[in-house]
Amino acid sequence: MIEASTILKGNGIRIEEKYEERLEDLLASCRANLKTVDEELIKRAFRLSYWAHRNDHRASGELYIAHPLEVAKIYVEQIGFDDIGVAAALLHDVVEDTDLSLEFIRETFGDSLASIIDGLTKMSTAFETRDVGNAENVRKLLLSMASDIRVIFVKFADRLHNMRTLGSLAPHKQVKIATETLTLFAPLAHRFGFFTIKSELEDLCLAYIHPEEYKQITSGLRDRKKERDTYVKQFIDPLRDRLQTEGFDFEIYGRSKNLYSIFRKMKRQDKPLKEIYDIFAIRIVLSGEGSKGKEECWRVYSIITDLYKPLTERFRDFVSVPKSNGYQSLHTTVLGPNGKRVEVQIRTREMHEIAEKGVAAHWKYKEHVNSADSEMDSLLMWVRDLLENPEVEKAADFVKDFSLNLYDEEIYIFTPKGDVHSLPSGACPVDFAYLVHSEIGSHCIGAKVNGKMVPLSYTLTSGDQVEIITSKKQQPNPDWIKFVVTQKARSRIRHWINEKRRKATEHGRDLWEKRLAKLGMEVTDAEMGRISTKLRFPNTQQLYFELGSGLYEVNDLLKATKGMLKDDDPEKSESESLRLQYESFLSSAQSSGSPGLLIDGELHTDIKTEYSTCCNPIPGDSVFGFISKTGAIKVHRVSCANAPNLMLNLADRIIPVEWSRQKDVHFVSALRIMGEDRVGILSDLTQVISKTLKTNIRSITVSTDDGVFVGNVVLFVSDLEHLRRLIDRIKKVDGIHGVYRYEEQNDESGLR
Ligand code: MN
C-alpha cells in the first residue's frame, strides 16, 4: 500500500476534471452545512476513494467515484452531521469492493472513521444474507452494527443514491431493492426524523413497485397544478396580510404531500386521486427561537382560526408534546374558500430544520457541548435508548410506519412490554399467542387489544398492542383451526387434537376391555371389526374413540355385541376357525420364508428372520427389525400399530433393516375387502385377483351381515407394488367400497 500513501497526497493519479469540480462543490456544501470542516481530510478521502475505485464503473456506465461523491453530498446536505461522516461516505464502499483493507483505513484515517467503514461493510453483507423483513431483526441488526450512529446516517445517504440510480439495474432487482427500501429504510429514516430522505425514498419506491399508479398520480397532480396554485394563493393572501400587519417574520407556502402518502390515502380510502382532499398543506415557518418561537406558533394559530373555521377534531399539538423522533409543529385543518378542507402546519425555523433533517439537526441547536466526541456519545445513547426501550406508544408509531398498508402480507404486533412480533396479515390473537409461546397459545382464553377485550377470532392490525389472557384450565379449541392463519398455530392445534384423539381412543378401548373382563367375556379384534362395521363405524379405532370421548355408550356397545355374538354363533365358530387357520398358515409361511433382508447393507442369511403377523410386511414397505427374545429378527412395518411402542420403550432392540432385491420370493399378505353383498361378488373378486399379475390366493373367507360384505383374503405377493396393483384392481370391482391391508393388533412388547 506504499502506492496508496502517495495517492493520499494527490500524487500519482490524474483525476478527471469534472470530478475535481464535483469535489469542490462538495467542499462548498460542507462549509455551508457543517459547523467545522477538515477540508484536508475530505480531500484525502476523495483521492483515496477515486484511486481505489479507478477501474470500477456504476451500472450507468459512469466512473464509480460518482457514487461515493453523491452519497457524501446527500450526507452533507440532508443529514449535515460532521466531516468524518463525509469522509466515511466517500470511502464507504472501498473495503467491500476494492483491495484496500480496513487496517489501512485505520492507519491512515484513525479509529473512528475505520469503525464507521467497518460497520457499513458488515451491514451491507448482512442485508444481502439475512431476512430483513422483520422489524425485530432489523432493530437487533442495527444495534449490533451501529456502534457509531454515523454508520446508519451514511447508509441512508447510500440507499438514497442507489434508489435515485435504480433505473440502470435489471427490473427484478429494482423491485427487490425498492421493496427493501420501502419496508425498511424509509420507515427507519422517518424514525430518525429524516423526513426529506424518507419522502424521496418512498416516492422512488412507488415509481418502481407501482409504476402505473405512480404515473397516474404524477400526471393527475400535474393536470391540476394550476387550479391548485390558484387555490393556495386564494387561501394564503389574506393570511399573509394579517401576519404582516401583526409584525411576524415568517415564510408561508403551499406544499404538496409526497406521492407515496397520496398513494396510501387513495388505497386506504379506496378513492381516486380527485377525491383525495388533503394532497397539499399550507406551511408557516416562523423565525422566533425557543419559548418565544413556541408562543409565536400559538399566536399564529389563533389568527388562522380567526380567518378560517377550524375542524377541531383534526388539531394536533406536537409543539407541547413532540413526536418521538423529535418532530414539532402545530397541525390544524380548517375550512378554506369554497368550504374545502386545508391542512395548516405551523412551526419555527428550528422545528422545521429538525422536521427535515431529523436527529442530526438537534445538535445544531445544542449549546455548551465540549467536544465532538461527547456530542457523538450522547446522540448514540439517545438512539440506542430509542431502539432498545421502545415505549409502547412510541414503538407502535415506529411499527405503524413499518407496516405500510401497501404490503398486506405482514403486520407488526406489540406485547404489553413493547416487544414487537411480525405476523402474516389476517392473524388473530391465537396466532399471536402461539407465536409468543406454545404454552401461551394452548392456554389462551381471551385477548385484550389496545386495552379492550376482543374475541379470539379478532383480526389484528399493525401496531396493535395485544395482551393474551391465559388460564391453566384452558385447552386448545378445535374451532380455532377455522380462524388461525399461521402455520405454527395450526400445527400446534392439530397436534393437540390428534393427541387428544389418541388418548380418547386408548381410553375407550380400556373402558371396553375392562367391562368385558368384568363380565368374563372375550371378543376378538376380528369380531370387533365386524361389530364396528355393523354399527356403521368406519373402523374400530373410531368406535373406541367415540366410546372414550363419551359420544357412544359402553352399555349400548355391550347390548349390540351380545346380540350379534348370539346371532352369529355359527358364524362365530366359523370365523374363529378361519382365524386359527389363517394364523397357523401365516406362521408356517413365514418361518419357511426366505430372508430377503439386508442388515447394515449386507445380506445376512444366517440370521433367522421372521415377519411379524401384526403388520405383515412385504418388500417395498418401510420396515425396521426388532430383535426378539429368541434372537430372531422380527420385521415390522414402520407404520405398524406396535411400532411407536417398540421404538419408544425397547429402542435398544431395534435394528435398521432393508429389503434385498430377491426375485421369486413371495410374501404373505392379507386384505380385508368390504362392500355391498351382491350375487357373484365372490367369484368376481377371485377372478380379478388371480388375473392380476397371476396372484395366488391362499384363502378367502367371507361373511355377510345386513347387506354388508366382508371378505378376508390371504394371498402371495412379491412386493408392495404388486399389492398396490391388486388393491387398485379390487377397488374397481362393482360394489366394493374399501380394501385394506389386514392388520392385527398383537402387542409384541407386552407393555400395554
Ligand atoms: Mn454504496
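The values are calculated or read from the model by the stated rules, or taken from the named source; none is laboratory data. Bear in mind that the values here come from a model prediction, so they are computed numbers and not experimental data. Neighbour counts are summed over all protein chains in view; Cβ atoms, including those assigned to glycine, are modelled from backbone coordinates with ideal geometry. Each accessible area value is taken on the protein alone, full model and side chains, heavy atoms only, with ligands, DNA and RNA left out. Shrake-Rupley method; radii C 1.70, N 1.55, O 1.52, S 1.80 Å.
Summing +1 for each Lys or Arg and -1 for each Asp or Glu among the other residues whose beta-carbon sits under 10 angstrom from that of Gly441 gives 0.
In whole angstrom, how far apart do the alpha carbon centroids of region 478-505 and region 442-471 sit? Region 478-505 and region 442-471 have Cα centres spaced 19 Å from each other.
Each listed q (0.12 Å⁻¹) maps to a log10 I(q)/I(0) for region 2-168, found by the Debye formula over equal Cα scatterers with no solvent: -0.50.
Can you tally the net charge around Glu16? Count Lys and Arg as +1, Asp and Glu as -1, for every other residue whose Cβ sits under 12 Å from the Cβ of Glu16. Please report the intermediate quantities before stating the final value.
On the way: positive: Arg14, Lys18, Arg22, Arg54; negative: Glu17, Glu20, Glu21, Glu62.
Once positives and negatives cancel, what remains is 0.
Relative to one another, the C-alpha centroids of region 511-547 and region 52-117 are positioned 79 Å apart. Here the Karplus relation 6.51 cos²θ - 1.76 cosθ + 1.60, evaluated at θ = phi - 60°, turns the backbone of region 44-59 into coupling constants of 5, 4, 4, 4, 5, 5, 4, 5, 5, 8, 4, 9, 9, 10, 6, 4 Hz, with x for every Gly and Pro.
Only protein atoms count toward the accessible area here, which uses a 1.4 Å probe; on region 2-168, the carbon and sulfur part of that area reaches 43 percent. Of the cross-linked pairs Lys122/Lys448; Lys198/Lys274; Lys35/Lys267; Lys274/Lys488; Lys265/Lys357, which ones have a Cα-Cα span greater than 32 Å in the structure shown? Check vs 32 Å cut-off fails for Lys122/Lys448; Lys35/Lys267; Lys274/Lys488. Counting protein heavy atoms only, region 495-568 has 51 percent of its accessible area on carbon and sulfur, 1.4 angstrom probe. Remark: region 217-364 carries 49 Å² of accessible area per residue (probe radius 1.4 Å; ligands, DNA and RNA excluded).
Can you tell me which of 107-116, 202-211, 88-97, 20-29 comes out highest on packing, and rank the rest after it, using the mean Cβ neighbours within 10 Å?
Values: 107-116: 17.6, 202-211: 21.5, 88-97: 24.6, 20-29: 15.1.
Top to bottom by mean Cβ count within 10 Å: 88-97, 202-211, 107-116, 20-29.
Starting from the Kirkwood radius over alpha-carbon pairs of region 667-741, derive D by Stokes-Einstein at 10 °C in a medium of 1.306 mPa s and give it in µm² s⁻¹. It would help to have the intermediate numbers written out before the result.
On the way: Rh = 12.1 Å.
Rounded to a whole number, D works out at 131 µm²/s.
Only sites in a loop by DSSP and with at most 15 other Cβ atoms within 10 Å count here; which trypsin sites (Lys or Arg not before Pro) in region 203-253 make the cut?
Numbers: sites: Lys215, Arg222, Arg224, Lys225, Lys226, Arg228, Lys233, Arg240, Arg242; in loops: Arg224.
Those satisfying the criteria are Arg224.
Annotation: lysines with alpha-carbon distance below 18 angstrom to Lys732 (same-chain offsets under eight excluded): Lys691, Lys694.
When each of the peptides 500-507, 148-155, 305-312 is scored by how many other beta carbons lie within 10 Å of its residues on average, the order from highest to lowest is 148-155, 500-507, 305-312. Here region 667-741 exposes an accessible surface that is 47 percent carbon and sulfur, computed with a 1.4 Å probe and the other protein chains kept in place. A 1.4 Å probe run over the protein chains yields, for region 2-168, 41 Å² of accessible area per residue, whole-number rounding. Across region 217-364, Cα pairs under 8 Å and at least six residues apart give a relative contact order of 22 percent. Evaluating 6.51 cos²θ - 1.76 cosθ + 1.60 at θ = phi - 60° for every residue in region 425-438, the Karplus couplings come out as 5, x, 5, 10, x, 5, 4, 4, 4, 5, 5, 5, 6, 4 Hz, glycine and proline recorded as x.
Just to confirm, what accessible area per residue do you get for region 495-568 at 1.4 Å probe, in whole Å²? Mind dumping the intermediate values first?
Details: 4300 Å² over 74 residues.
Heavy-atom SASA per residue in region 495-568 reads 58 Å².
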